[in-house]
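Chemist: Please see the structure below; I have some questions.
The values are calculated or read from the model by the stated rules, or taken from the named source; none is laboratory data. Source: prediction; values computed, not measured. In this analysis, Cβ positions are derived from the backbone assuming ideal geometry, glycine residues included, and neighbour counts consider all displayed protein chains.
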Amino acid sequence: MLEIVGPYIPLILKGTWVTIAVSLVSLAVACLLGLLGAWAKLSHSKLANTVAGAYTTLVRGVPDLVLMTIIFFGGQIGINSLVEAMGWDIYIEIDAFTAGVVSIGFIYGAYMTETFRGAILAVPKGQIEAAVACGMTRPTIFRRVLGPQMMRFALPSFGNNWLVLLKTTALVSVLGVQELVYNAFSAGRSTREMFTFMLVVCVIYLILTTISTTALRWAEHRYSVGVRRA
Amino acid sequence: MHWDVVLDNWQLLLQGLWTTILYVSASLALGLILAIPLSILRSSSNRFLSWPVWAFTYFFRGTPLLVQIYLIYYGLGQFESVRESFLWPVLREASWCALIGFTLNTGAYVTEILRGAIQATPYGEIEAATACGMSRAQTYHRIIMPGAFRRALPAYGNEVIFMLHGSVVAGVITILDIYGAAKKINALTYTYFESMLAAAVLYMLIVYLITRVFKRAESRWHAHLRPRTE
């Protein structure tokens with residue numbers, strides 16, 4: 001097995017690196033959208049509520065790959081017609097990496113919205129009132145009171161989302177991003193040893209998920225300091 | 001926008017809709033049948049019984065569905081013994097490979113959902129059953145499983161939607177499901193946006209129906225948890 005896989009190890013490792021990069025950058029996008037979405041869902045503005053509600057419903061209704069394809073191709077057409085309408089004479093090309101990151105971030109942003117919304121609601125209201133009474137501004141409240149505490153409530157669901165997100169990145173190979181699955185697939189095709197290479201992919205994903213669960217368990221432990229357990 | 005393209009190919013989309021529903025419901029049914037005995041083994045205190053099931057769910061929950069399908073569809077042909085066995089006519093077909101892959105995947109997820117529900121059985125119920133003189137089998141049949149199914153219902157509803165979302169992978173390996181049909185319309189007419197948007201609408205429709213069905217099921221099976229109306 002090693003003599004088959006050996007020559008392809010650099011390619012596989014490069015793919016693994018791209019997979020990790022896609023996952024982490026999409027996670028950042030998802031967290032940003034998730035916080036924004038949670039804020040919109042909890043705000044008193046009717047418009048913000050409706051927009052955030054439509055966003056989460058839409059995303060949960062449509063499969064990842066379909067949404068990715070729409071954003072990848074549709075976004076390209078949309079941006080260029082926008083540019084054309086502005087009267088500029090340039091052609092903007094969205095590469096597959098960006099499209100993948102934007103779409104995965106967009107999709108998991110909706111799941112993160114629910115995660116963060118639940119976590120914010122779980123922080124006792126009195127604490128926020130106390131912070132307001134102390135004269136803290138809203139960003140300060142978020143940084144000092146809300147943020148650290150909602151982290152604890154958000155972590156289990158956040159961890160689940162991350163694990164699903166990590167596996168979803170395999171789908172960007174269909175769009176042509178040269179990540180782990182894409183590279184292993186081409187290696188498997190040229191050696192006619194697809195099973196071997198797909199097994200390698202599985203092992204790498206299992207390693208990544210195992211590292212993630214270990215790190216998440218550590219984080220949950222860390223953020224639960226001060227919580228008494230029965 | 002060329003919506004007439006979508007309308008002209010409505011038969012293709014309808015066929016895709018039917019295929020998606022068929023694959024998802026067949027694999028969910030088979031996966032559930034697989035998961036019931038596995039979840040009982042998984043929650044066993046005997047390590048020799050629970051460990052193999054743990055390994056199975058660890059693999060199928062830790063790797064992307066796309067890779068699992070590639071492993072079965074493109075991978076198994078690597079082995080001469082598989083190619084020459086009586087199973088080859090089955091394993092050569094994309095449709096069977098998709099069905100097998102989906103079944104094992106959802107089977108693994110449902111196993112873990114049911115395990116959680118089985119382990120959440122209040123101990124008093126089991127004690128009461130033992131005190132009534134029920135055998136182990138009777139306790140499972142009458143007490144543990146009915147309660148576990150009821151507790152598992154919300155999580156199972158999510159799993160059904162995830163399976164529907166995951167089923168687009170069938171379209172990647174040449175099966176004409178909703179995604180496959182949209183891909184084909186796109187290839188025939190070069191209208192990414194319209195065909196994928198039509199697919200998205202169909203998927204949303206199914207998700208809407210599934211959530212309706214589960215809401216009704218929950219109001220029936222969780223009737224005892226509803227707040228009392230005077």
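Chemist: Which members of segment B:181-190 meet the condition of being surrounded by fewer than 21 Cβ atoms within 10 Å (Cβ to Cβ) and either of a type in the set (Gly, Ala, Ser) or closer than 21 Å to A:SER81 by Cβ (or both)? Let's see the steps before the verdict.
Modeler: The first filter runs over segment B:181-190 and keeps only residues surrounded by fewer than 21 Cβ atoms within 10 Å (Cβ to Cβ), leaving B:184, B:186-190.
Across segment B:181-190, the qualifying residues are B:ASN186, B:ALA187, B:THR189, B:TYR190.
Chemist: Output the residues belonging to segment A:128-172 that are under 30 Å from B:GLY62 (Cα atoms) and among the polar types (S, T, N, Q).
Modeler: A:GLN149, A:SER157, A:ASN160, A:ASN161, A:THR168, A:THR169 - these are the residues of segment A:128-172 that are under 30 Å from B:GLY62 (Cα atoms) and among the polar types (S, T, N, Q).
Chemist: Please report, ordered by residue number, the helices (runs of 4 or more DSSP H) entirely within segment B:74-136 with at least 3 residues that are among the aromatic types (Phe, Trp, Tyr).
Modeler: Values: elements: B:80-84, B:88-91, B:94-119, B:123-131.
Per the criteria, B:94-119.
Chemist: Still on this structure, I have one more. Scan A:ALA54, A:ALA110 and give me the residue that is touching a Phe, Trp or Tyr at 6+ places or on another chain (Cβ under 7 Å), closer than 23 Å to B:ALA199 by Cβ and part of a helix (DSSP H, G or I). Spell out how you get there, then give the answer.
Modeler: Numbers: A:ALA54 fails: touching a Phe, Trp or Tyr at 6+ places or on another chain (Cβ under 7 Å).
Result of the check over A:ALA54, A:ALA110: A:ALA110.
Chemist: Next up: Which number in (1) under 22 Å from A:ILE104 (Cβ atoms); (2) of a type in the set (Ser, Thr, Tyr); (3) within 9 Å of another protein chain (Cβ to nearest Cβ) marks the one condition that A:THR196 misses?
Modeler: Checking A:THR196 against (1) under 22 Å from A:ILE104 (Cβ atoms); (2) of a type in the set (Ser, Thr, Tyr); (3) within 9 Å of another protein chain (Cβ to nearest Cβ), the one that fails is (1).
Chemist: Taking the conditions exactly as written (at pLDDT below 90 and either among the hydroxyl-bearing types (Ser, Thr, Tyr) or surrounded by 14 or more Cβ atoms within 10 Å (Cβ to Cβ) (or both)), does A:LEU35 satisfy them or not? Don't jump to the end; show me each part of the working.
Modeler: Numbers: at pLDDT below 90: yes; either among the hydroxyl-bearing types (Ser, Thr, Tyr) or surrounded by 14 or more Cβ atoms within 10 Å (Cβ to Cβ) (or both): yes.
Spelling it out, A:LEU35 is indeed at pLDDT below 90 and either among the hydroxyl-bearing types (Ser, Thr, Tyr) or surrounded by 14 or more Cβ atoms within 10 Å (Cβ to Cβ) (or both).
Chemist: Which numbered condition trips up B:LEU17, out of (1) under 20 Å from B:ILE144 (Cα atoms); (2) buried (at least 16 other Cβ atoms within 10 Å of the Cβ)?
Modeler: With (1) under 20 Å from B:ILE144 (Cα atoms); (2) buried (at least 16 other Cβ atoms within 10 Å of the Cβ) applied to B:LEU17, the lone miss is (1).
Chemist: Out of (1) free of Cβ contacts under 8 Å to residues at least 40 places away in the same chain; (2) within 14 Å of chain A (Cβ to nearest Cβ), what's the single condition that is false for B:LEU65?
Modeler: (1)
Chemist: A further question follows. Suppose we keep only residues that are of a type in the set (A, V, I, L, M), within 12 Å of chain B (Cβ to nearest Cβ) and touching a residue at least 60 places away in the same chain (Cβ under 8 Å) within segment A:45-85. Which one would you say is farthest from B:VAL24 (Cα to Cα)?
Modeler: In the first step, residues of segment A:45-85 are kept if they are of a type in the set (A, V, I, L, M); the result is A:47-48, A:51-52, A:54, A:58-59, A:62, A:65-68, A:70-71, A:77, A:79, A:82-83, A:85.
Now narrow it down to the ones that are within 12 Å of chain B (Cβ to nearest Cβ): A:54, A:58-59, A:62, A:65-68, A:70-71, A:77.
Among the residues that remain, those that are also touching a residue at least 60 places away in the same chain (Cβ under 8 Å) are: A:65, A:68.
Numbers: A:LEU65: 16, A:MET68: 21 Å.
Applying the filter and picking the extreme gives A:MET68.
Chemist: With the requirement that a residue be under 19 Å from B:TYR109 (Cβ atoms), in a helix (DSSP H, G or I) and either touching a residue at least 40 places away in the same chain (Cβ under 8 Å) or not hydrophobic (A, V, I, L, M, F, W, C) (or both), what does segment B:33-52 give you?
Modeler: Matches in segment B:33-52: B:LEU34, B:ALA35, B:ILE36, B:PRO37, B:LEU38, B:SER39, B:ILE40, B:ARG42, B:SER50, B:PRO52.
Conditions (1) buried (at least 21 other Cβ atoms within 10 Å of the Cβ); (2) under 23 Å from B:ILE40 (Cα atoms); (3) touching a helix residue (DSSP H, G or I) at 6+ places or on another chain (Cβ under 6 Å), marked per residue:
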| site | (1), (2), (3) |
| --- | --- |
| B:THR130 | no, yes, no |
| B:ARG142 | no, yes, no |
| B:ALA148 | yes, yes, yes |
| B:MET163 | yes, yes, yes |
| B:ILE175 | yes, no, yes |
| B:SER195 | yes, no, yes |
| B:ALA198 | yes, no, yes |
| B:PHE214 | no, no, yes |
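One line per residue, one yes/no per condition, for (1) within 24 Å of the chain's Cα centre (by Cα); (2) part of a loop (DSSP other than H, G, I, E, B):
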| position | (1), (2) |
| --- | --- |
| A:GLN127 | no, no |
| A:ARG144 | no, no |
| A:PRO156 | yes, no |
| A:GLY159 | yes, no |
| A:VAL174 | yes, no |
| A:VAL177 | yes, yes |
| A:SER190 | no, no |
| A:PHE197 | no, no |
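Chemist: Contact list please: Cβ distance under 9 Å, first residue in segment A:2-13 and at negative phi, second residue surrounded by 10 or more Cβ atoms within 10 Å (Cβ to Cβ) and at pLDDT below 80, pairs at least six apart or on different chains.
Modeler: Pairs that qualify, where the first residue is at negative phi and the partner is surrounded by 10 or more Cβ atoms within 10 Å (Cβ to Cβ) and at pLDDT below 80, are A:ILE12/A:VAL5.
Chemist: Okay, next question. Given the conditions (1) facing chain A (nearest Cβ under 9 Å); (2) without any contact (Cβ under 8 Å) to a residue 40 or more places away in the chain; (3) over 13 Å from B:LEU12 (Cβ atoms), which single one is not true for B:LYS183?
Modeler: It is condition (3) that B:LYS183 fails.
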